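Just so it is clear, none of the values below were taken in a lab; they were calculated from the coordinates. Quick caveat: nothing in here was measured; it's all calculated off a predicted structure. For neighbour counting, all protein chains shown are included, and Cβ atoms are generated from backbone atoms with ideal geometry for every residue, glycine included.
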Amino acid sequence: MIFKEKKILLRNGRTVTLRSPDEDDWAALIAYITQMATETPYILRAPEECHDTEESERAFINRFKDDGLCVMITVFDGDKAVGNCNLTVKNRKKVRHRAELAIGIMRDYYRLGIGTALITELSIIARSIGCTQFELQYVDGNYRAKGLYEKCGFVEVGRMPDGIKMEDGTYVDEIFMRKVL
Ligand SMILES: CC(C)(COP(=O)(O)OP(=O)(O)OC[C@H]1O[C@@H](n2cnc3c(N)ncnc32)[C@H](O)[C@@H]1OP(=O)(O)O)[C@@H](O)C(=O)NCCC(=O)NCCS
């Protein structure tokens with residue numbers, strides 16, 4: 001699915017663009033995920049797991065564009081990708097009402113309202129394709145994510161004890177949330 005370009009004004013007065021990435025944005029997206037993996041411990045990907053290539057990234061971008069049950073929205077400040085999110089609807093009929101989201105913003109752009117704007121857009125899309133519930137997971141201790149998700153109406157529905165092994169070897173829970181759409 002393709003998300004049509006939309007500009008949003010941030011709290012700091014800057015304007016950024018939300019849109020589905022094109023194939024030609026492959027390098028910007030690799031730079032984005034590589035930076036995210038080094039600057040936050042709260043995404044699943046570790047820095048040493050960033051070995052995307054032009055070919056794999058182009059294919060990844062196209063999968064989202066061609067599939068009617070998922071969408072990717074990237075946040076661009078000029079040519080730089082500074083945030084990204086995606087929505088994936090479960091495929092089988094019995095679970096087709098459930099959409100799942102993942103989101104990440106670069107540190108320099110925290111707390112400017114981007115996360116809220118992205119979840120608002122994803123909720124509209126999820127509803128428009130017939131989903132009745134929205135789901136996500138986050139790593140216990142990620143207070144920014146918790147704050148964003150609670151603000152957007154998600155509630156905790158369970159946790160996987162020791163679901164995440166952090167870089168220092170300690171285990172933390174993975175928390176499951178949902179929101180009725
Ligand atoms: C979690 C994340 C997506 C939040 O995005 P964001 O663009 O900063 O979110 P917003 O600016 O829309 O803030 C939304 C709300 O979250 C809460 N929040 C955000 N940062 C917070 C903080 N430091 N302390 C307390 N609450 C916070 C607030 O309720 C805030 O609303 P408010 O600013 O109107 O009070 C972003 O911090 C991020 O990408 N972190 C790294 C990757 C990550 O953790 N991804 C989530 C994995 S599940």
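Looking at segment 2-39, which trypsin sites (Lys or Arg not before Pro) are DSSP coil and have at most 15 other C-beta atoms within 10 Å of their C-beta?
LYS4, ARG11, ARG14
Of TYR32, ILE125, ILE61, which is farthest towards the positive pole of the chain's charge dipole, taken about the Cα centre with +1 and -1 on the beta-carbons of Lys, Arg and Asp, Glu respectively?
ILE125
Per DSSP helix of 4 or more residues, -39500 (n - 2.57); summed, then divided by the residues of the chain. What does that give at 222 nm, rounded to the nearest 500?
Helix contribution divided over all residues of the chain: -9000 deg cm²/dmol.
Just tell me which lysines come within less than 17 Å, Cα to Cα, of LYS80; anything on the same chain fewer than 8 places away is out.
Answer for LYS80, where 17 Å is the Cα cut-off: LYS6, LYS7, listed by chain and number.
Over all pairs of distinct alpha carbons, what does the Kirkwood formula give as the hydrodynamic radius of the chain, in Å?
Over the chain, the inverse of the mean reciprocal pair distance is 17.0 Å.
Cα gyration tensor of segment 35-137, axes a ≥ b ≥ c as square roots of the eigenvalues: rounded (a/c below 1.5), prolate (a/b > b/c) or oblate?
prolate
Work out, step by step, the length gained on full extension between GLN133 and TYR171: first 0.36 nm times the residue separation, then minus their alpha carbon distance; give nm to one decimal.
10.8 nm
So how strong a dipole does the chain carry about its Cα centre when Lys and Arg Cβ are +1 and Asp and Glu Cβ are -1, to the nearest 20 debye?
1200 debye
Quick one: Debye curve from the C-alpha atoms of segment 101-181, no solvent, what's log10 I(q)/I(0) at q = 0.15, 0.20, 0.26 Å⁻¹?
Each listed q maps to, in turn, -0.58, -0.94, -1.27.
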